[in-house]
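The values are calculated or read from the model by the stated rules, or taken from the named source; none is laboratory data. Because the structure is a prediction, the values reported are computed rather than measured. All Cβ positions, glycine included, derive from the backbone under ideal geometry; neighbour counts span all protein chains shown.
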Amino acid sequence: MALIVKRSGNLFPSLTSSLFDTGRIFGPSLFDLDEDLGALNNAAMVVPEANVIENEKSFIIELAAPGLEKKDFKVEIEENVLTISAEKETKSKEENQNYRMREFSYVSFSRSFRLPEQAKHDKTDAKYENGVLTLSIPKKELSADKAAKQIEVA
């Protein structure tokens, strides 16, 4: 299984820098939009990094998702596609004599992986420890009796 996905970089293209690149004329850029939009993008769209490992008996997917709990995850397999998603909402409220403050925080993501035909979906095991979700998907044993079939050309 050769599937390794890394998501990094900005959602917005570097076109914003090209349009407002004043560095050639005035020195440092006056409108450095890529940095600001990139920070907004990284805060709003968190996609956890994943390690995909294949050994003789199974496929192992490790997903780095610190700060979540077991109950926040939803893991589904449908038509050889494994989908891992999570949602967490945090609310904090502080009241004082002169002011009232509320903060809300939402974290959600979804990652999908296409599994090979030899994966045993019904035996998938998942555990969450120390901020890492680990999924173990055993392999079906391939039968050696499938010899090559020769077809005569008429």
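Structure data summary
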{"item": "Qualifying residue in the range 52-64 (condition: of a type in the set (A, V, I, L, M, F, W, C) and at pLDDT below 90)", "result": "no"}
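Matching residues to (1) part of a strand (DSSP E or B); (2) surrounded by 14 or more Cβ atoms within 10 Å (Cβ to Cβ); (3) at pLDDT below 90:
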{"residue": "Val75", "(1), (2), (3)": "yes, yes, no"}
{"residue": "Ala86", "(1), (2), (3)": "yes, yes, no"}
{"residue": "Lys91", "(1), (2), (3)": "yes, no, yes"}
{"residue": "Phe104", "(1), (2), (3)": "yes, no, yes"}
{"residue": "Val107", "(1), (2), (3)": "yes, yes, yes"}
